[in-house]
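Note sheet for the following structure.
The values are calculated or read from the model by the stated rules, or taken from the named source; none is laboratory data. This one's a predicted model, so the numbers in the text were calculated from it and none came from an experiment. Counting neighbours? That spans all protein chains shown, and the Cβs are built from the backbone with ideal geometry, glycine included.
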Amino acid sequence: MAIIDCVSWSPQENAEIFAWHYPETNLSTYTQLIVHESQEAILFIEGRLAGKFGAGKYTLDTKNLPILRSLYGLPFGKKNPFTAEVWFINKLHLYNLTWSVDGISTHDIDYDTYIPLEAYGQYGIKIVDAEKFLIKAVGTKNRFTQRDLTEQFAGEFSTKTKSAITQFLDMNKIGFKRISAHLESISQFLKEKMVPFWGELGIELTKFYVNSIGIDNSEDGMRIKNAINMQSEMSITGHTWQQEQAFKTANNAIGEFGNGNMGLLGGLMAMNMINSNGGNMGGRMMEANYNQPRFNNSNAVNQNPQMSNNERMVYCSNCSKKFSSSMNFCPHCGDPYNPCPKCGTDNDINAKRCVSCGIGLQIISAVCPNCKCEVDLNSPFCSNCGHKLISNDVCQRCGTPFKSNVKFCPVCGKKR
């Protein structure tokens, strides 16, 4: 076989090649070895490391390779053939390597549930120990590329990255809503964890960045994304999940009005759900998100300890801002305070029923002072408990007892 006179490597491919094995092994003491900048050449003779060569031009004689004399007894000055393997190592700084992991299961403190996360980022490496890299990473391959690197160590890399991200979030009590604010700290923490891993392969980890951490696209992840999106939407619009379901049920039922008796029944059920009072499930579904206080409810909590027991903070039906129930007008927008006689919620002046508890607000209805149920204004007795209704000492609209010197109800304003 022909003896090679010159050995060199000039990569022509687009792929990032970290190590390349020169295909010929028939060399001589006159063979020229050319090593370009950012390269290192490694020679093996009979499986033993014969020499390392940095950038430059070399003659592979017994002067540069003393091992030739010990192995073959080759003299100086003649063209003596020998067999050797030549490896070229690419020692460029690479900064654009990408990484990604998913299925990072962590218990999130914001939503108090397990969330499957995914993470993306970039890293940079440089081969600093060519011999260790060839032995521990390359092995018997003829060339070793970026793809070989990422595929060969993907499992260990993924495990270490997932573990490090989970540890950082747990140790620092960081929830999903605040992860983006800590990407720099997470990147530094992960780099410290990954440096020993790459060092064992003769590689220096020069850069490591986490670009984003989010919920992955698994089946569980998609359900959680949808739930978070729904929660955000309800937070912006100011309605609850129960209201959302009630409206959906009502819309579906009303849409069936034209489909015979079943459609009519469904529509009536939906209307009853919306208009029912606060004592049943329908009323609770339609209760406002900000949970208006109930004046006649013994379990109601006074939101301001400096107020008297008869005062509560209510939300304006016009601008949705808080004000004290002792005021006759909203101090923010000037809208008149139109309290529900049963729960105290502020309602629009033209509202027929309370938006919170569903009780009628027109003069055609009243409240029994005994059981607080809605009754007909002209009925002499309560249809629920039998209590006598017509009395000059009790407001016929809201059931509030009158004091001897008042002419108007202090709660709903009805004339005595």
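Would you check if there is a residue in the range 373-387 being in a strand (DSSP E or B) and either at pLDDT 80 or above or β-branched (Val, Ile, Thr) (or both)?
yes
Exactly one residue out of 161, 145, 150, 140 is among the hydroxyl-bearing types (Ser, Thr, Tyr), closer than 19 Å to residue 203 by Cα and free of Cβ contacts under 8 Å to residues at least 40 places away in the same chain, and it is 140. The residues on offer are 123, 114, and the sole one that is of a type outside the set (D, E, K, R), more than 20 Å from the chain's Cα centre (by Cα) and outside any loop (DSSP other than H, G, I, E, B) is 123.
Only a single criterion out of (1) surrounded by 13 or more Cβ atoms within 10 Å (Cβ to Cβ); (2) more than 20 Å from residue 194 (Cα to Cα) is not satisfied by residue 123, namely (2).
The criterion of at least 1 residues that are at pLDDT below 80 and over 37 Å from the mean Cα position of the chain (by Cα) is met by the following strands (runs of 3 or more DSSP E) wholly inside the range 270-367: 365-367.
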